[in-house]
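Structure first, commentary second.
Just so it is clear, none of the values below were taken in a lab; they were calculated from the coordinates. All values reported here derive from a predicted model rather than from experimental measurement. Here the Cβ is made from the backbone with ideal geometry for all residues, glycine too, and neighbour counts use every protein chain on show.
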Amino acid sequence: MPSAVSPDRRLPVYFIGHAGVGLLFRDSKENHIVQDNLRAIGDEIRAINPRPKAILTFSGHFEAGEIHGPGVIEVNVKRETYILHDFVNDFHDSAPFVYEYDWPHKDAPELANEVWKHLTNSGIKAKRVERGVDHGVWVPFKLIFPPEDPLDVPIIQVSTFYGYDLESQIRLGEAVASLRDEGYLIIASGMAVHSFPSIAEIRSAPSDEAREPARQKVLAESRAFDTRLRAAVAKRDAAQRRKALLELESLPEFRRSHPTVEHFTPLLVAAGAAGDAREVVPVGVDVVEPGMSYLNVRFT
């Protein structure tokens, strides 16, 4: 078990909707709402006393690699980590300045090694790796912990499992839950809805006239899944929440909302780490767009 200060009460777990790098510079009503939601989370975290000794992160852009085989988790133990400009889109022509973005932060390889040992002792196969900080962490964290009020505790990056075994992600969360009593704040970063194929379907419509019905269809699907997901997440009882979340996979909207599961799995990790919760509280204003949902939740 990692050595740590003992906070007066168990530290919370957050699930955040991280968005892409466009969140930092695009001027839209929806973007401003998502930005404000993340800033509100930063205000909550800065009010925690005593401060967490570290933030344990799980990101939709850090799945364990295939090199170690299925069922293995990776823990980043690199010293002096750098941020990765690991964007899906190429911004060299449209917004080249994004490649100059940075996010000052602290790391703590000694704590990362303790987390690795904790996972191993908890029955989770875990390997130590060295890598940078992906945009699923640093993009939202630039808003949660802006330069004028920077993060003053280290981050420790842990991967999700690779692949479609959703229950294993909940077990991973359960394995790190006790670290909340040891000074670790947990932030899992993903998306409640994340479907580039649905967005591409709208963009590929042959005309503006055809595009609007396609947009409304995708928006209805996204809202339907988001509503069911929120109801599942809101359950305070851990067993009921687990059952409800795993049942989402059987919904017809599931594969439309998550053609691949890497943005869904961090939510399962957060739900597992939350255990039986006193409160499950959405943070900020609900934002659902066609093919995207920016849900933020605090578990205490």
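Some values worked out for this structure:
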quantity: Around A108: net Lys/Arg minus Asp/Glu count, Cβ-Cβ under 13 Å; calculated: -1
quantity: Sorted by Cβ density within 10 Å, fewest first, the residues W103, W116, W138; calculated: W103, W116, W138
quantity: GNM result for the chain, Cα springs below 10 Å: residue of Y184, Y162, Y101 fluctuating most strongly; calculated: Y101
quantity: In order through the range 11-23: 3J(HN,Hα) via Karplus (6.51 cos²θ - 1.76 cosθ + 1.60), integer Hz, x for Gly, Pro; calculated: 6, x, 10, 10, 10, 10, x, 8, 6, x, 5, x, 4
quantity: Per-selection Rg to Rh, the range 13-299 - Cα, Kirkwood hydrodynamic radius; calculated: 0.95
quantity: Whole-angstrom Cα spans of the range 160-300 along principal axes, big to small; calculated: 56, 31, 24
quantity: Of A231, A244, A108, the one that fluctuates the most in a GNM where the chain has Cα springs shorter than 10 Å; calculated: A231
quantity: Candidates E182, E279, E209, ranked by Gaussian network fluctuation over the chain, Cα under 10 Å, top entry; calculated: E209
quantity: Taking all pairs of distinct alpha-carbon atoms in the range 223-300, Kirkwood radius in angstrom; calculated: 12.8
quantity: Cβ-defined net charge surrounding D276, 12 Å radius [Lys, Arg +1; Asp, Glu -1]; calculated: +3
quantity: Cα extents of the range 37-144 along the three principal axes, largest first (Å); calculated: 46, 40, 24
